[in-house]
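The numbers here are math on the coordinates, done by the rules we state, and not lab data. Bear in mind that the values here come from a model prediction, so they are computed numbers and not experimental data. Here Cβ is always computed from backbone atoms with ideal geometry, including for glycine, and neighbour counts include all displayed protein chains.
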Amino acid sequence: MKNKLNLNRKYTKFALACFFITGFTVYASGAKELLEKYEKDAGKKFNASQGKEFFEKRNPETEKSCIDCHNRDIKKEGEQKVLFSLFSIDVPALSVSANKEAFKSSKKAAKEFDNYCEEVWQRVCTAEEKGNMLLYFMEN
Ligand code: HEC
């Protein structure tokens with residue numbers, strides 16, 4: 001009886017380890033996949049500190065920036081004011097280590113990158129700008 005119990009514990013530990021390992025690769029893969037795509041498009045390696053700078057920069061023309069809604073501390077949720085600031089909705093943390101839902105789908109993330117670049121910069125961002133930001137989100 002005692003032996004059987006020990007064996008079960010071993011299996012449980014093994015199963016848990018497998019679960020964490022596959023869980024980790026799945027959540028990190030969307031971001032990695034997207035980074036590889038941008039790298040191919042831009043033809044160069046990225047720079048996370050330039051990404052941070054661009055993410056926090058305000059466009060003087062639209063007077064908007066990414067951190068109007070996202071938190072400057074990318075490990076924390078931001079908030080977006082809606083309906084004349086009467087309400088606010090949570091905006092996801094973009095740090096891959098802090099938010100395991102972030103960049104789960106590379107397709108969706110690529111679309112949001114383009115939508116919000118359009119909103120702040122009135123154009124889609126270049127592969128280099130997006131790659132720099134994504135690297136910053138992945139390393140922090
Ligand atoms: C007006 C508010 C607002 C601004 C400004 C904004 N975002 Fe966002 N962003 C959001 C919201 C809300 C979501 C979540 C959308 C959803 O999940 O449907 C989001 C999601 C994203 C995502 C997807 C993350 C994922 O895990 O899929 C990326 C990437 C992103 N934003 C980047 C940016 C960048 C870069 C800028 C600046 C150029 C920016 N955002 C500016 C509100 C904003």
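Amide H to amide H distances under 5 Å link Ser88 with Val82, where only residues 5 or more positions off or on other chains count and H is placed in the peptide plane. A simple count of charges around Asn115, restricted to other residues whose Cβ falls under 15 Å of its Cβ and scoring Lys, Arg +1 and Asp, Glu -1, yields 0.
Grab the alpha carbons of segment 64-140, take their convex hull, and tell me the volume per residue in Å³.
Numbers: hull volume 7.1 nm³, N = 77.
Each residue corresponds to 92 Å³ of Cα convex hull volume.
Ordering Leu83, Phe54, Ser65 by the projection of their Cα atoms onto the charge dipole of segment 38-140, which places +1 on the Cβ of Lys and Arg and -1 on the Cβ of Asp and Glu, puts Phe54 at the extreme positive end. In summary, the lysines within cross-link reach of Lys45, defined as a Cα separation below 30 angstrom excluding same-chain residues under 8 places away, comprise Lys32, Lys37, Lys57, Lys64, Lys75, Lys76, Lys100, Lys104, Lys107, Lys108, Lys111, Lys130. The modelled label-to-label distance between Asn140 and Gln122, using points 7 Å beyond Cα along the C-beta direction, is 2.7 nm.
Treat every Asp and Glu Cβ in segment 64-140 as -1 and every Lys and Arg Cβ as +1, leave all other atoms uncharged, and give the resulting dipole magnitude about the Cα centre to the nearest 20 debye. For segment 64-140, the charge dipole is close to 160 debye. Annotation: amide H-H contacts under 5 Å for Gly78 (H modelled 1.01 Å from N, sequence separation of 5 or more, or interchain): Asn71, Val91, Ala93.
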